[in-house]
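Down below is the structure, laid out as structure tokens.
Since every read-out is calculated from the coordinates, none of them should be taken as a lab result. Bear in mind that the values here come from a model prediction, so they are computed numbers and not experimental data. Backbone-built Cβ (ideal geometry, glycine too); neighbour counts: all protein chains shown.
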Amino acid sequence: MKILQNLNILYVEDEEAIIDKYTYFLEESCKEVFIARDGEEAYKMYKENKIHLIIMDLLIPKMSGIVLARKIREDNDTIPMIALTAHSDREILLDIVELNFSSYLIKPVLRSDLINALEKVSQKVDGGRSVPLPCDCAWDTKSKTLFHNDESVFLTKRESKLFELLVEKAGTPCSDDEIFFYVWGDEFDKVITNSSIRTLVKNLRKKIPTELIKNQYGVGYKISF
């Protein structure tokens, strides 16, 4: 579940024993975990933080999980949500379908079931058009646009090709040869040197957080997932 390492998760649960049971696992798997113990606190955390995925118990104080989900869907109709419920009656299932939950689990939830649900949801996130990255960055795979703090970053054609390659490699270093063929592959008449690649990387780094692209000495460049 490598993609989860770059995701912020909102975990909504009011039972302390269950929170203690799953918090360590979630914190080990995800970038950051926000824990809310009632619906009002959860909605406040959702509005004040950049949340990529929500796991919520439906029976929570102050604002039920269904009401919370409706409020979130008014603001965001695509954010993945996993429902946790002790009931499987028809009305609740209809609400879950209507609100486009990615998955639902019947409590008590086995850790293996939660892992399976997270794997499926993470694949949907990874297969979407926006790839969350470290340093408050994101890459739109459809428009080939880089965002930093929700603002688009202008990239030249070659800078965009280089960044696209680094995202596709998902943390695996890219050698100079890989970069050359991916970025300059259709320009056979150009004389490209290692210095050309260094200059391209240097110019790209000026436009993004400096720690986003790492140089693994003797191996190549990578995004620090």
**OP:** At 7 Å along the Cα-to-beta-carbon direction for both Gln216 and Val153, put a label point, then send me their distance in nm to one decimal.
**Re:** 2.0
Original post:
Which value in deg cm²/dmol, rounded to the nearest 500, describes the helix-derived mean residue ellipticity at 222 nm for the chain, given -39,500 (n - 2.57) per DSSP H run of n ≥ 4 and division by the residue count?
Top reply: -13000 deg cm²/dmol
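Find the lysine pairs in the range 2-128 meeting two conditions, Cα atoms under 12 Å apart and a separation of 8 or more places or different chains, and report how many there are.
Step by step, the pairs that qualify in the range 2-128 add up to 4.
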**OP:** Of the options Ser29, Ser102, Leu59, report the single residue whose Cα projects farthest towards the positive end of the charge dipole of the chain (beta-carbon charges: Lys, Arg +1; Asp, Glu -1).
**Re:** Ser29
Subject >> Fewest-first ranking of His52, His87, His148, using other Cβ atoms within 10 Å as the exposure measure >> reply: His87, His148, His52
Subject >> Expected-Rg normalisation [2.2 N^0.38 Å, Cα atoms] applied to the chain >> reply: 1.20
Subject >> Charge tally in the Cβ shell below 12 Å around Leu114, where Lys, Arg are +1 and Asp, Glu are -1, Leu114 excluded >> reply: +1
Original post:
Can you work out the FRET efficiency for the pair Glu32 and Ile192, with r the C-beta to C-beta distance and R0 = 35 Å, to the nearest 0.05?
Top reply: 0.30
Original post:
So if R0 is 41 Å, what FRET efficiency would Asp14 and Phe181 give, r being the distance between their Cβ atoms, rounded to the nearest 0.05?
Top reply: 0.15
Original post:
Relative contact order of the range 2-128: what whole-number percent is it, with Cα pairs under 8 angstrom and at least 6 residues apart?
Top reply: 22
Original post:
How large is the dipole of the range 13-170 about the Cα centre if only Lys and Arg carry +1 and Asp and Glu carry -1, each at its Cβ, rounded to the nearest 20 debye?
Top reply: 740
Original post:
What is the chain's relative contact order, in percent, from Cα pairs under 8 angstrom and six or more apart in sequence?
Top reply: 14
Original post:
Which shape class applies to the range 2-128: rounded if a/c is under 1.5, otherwise prolate when a/b exceeds b/c and oblate if not, where a ≥ b ≥ c are the square roots of the Cα gyration tensor eigenvalues?
Top reply: rounded
Original post:
Considering the dipole of the range 131-223 built from charges on the beta carbon (Lys and Arg +1, Asp and Glu -1) around the Cα centre, which of Thr193, Leu162, Pro132 is farthest to its positive end?
Top reply: Thr193
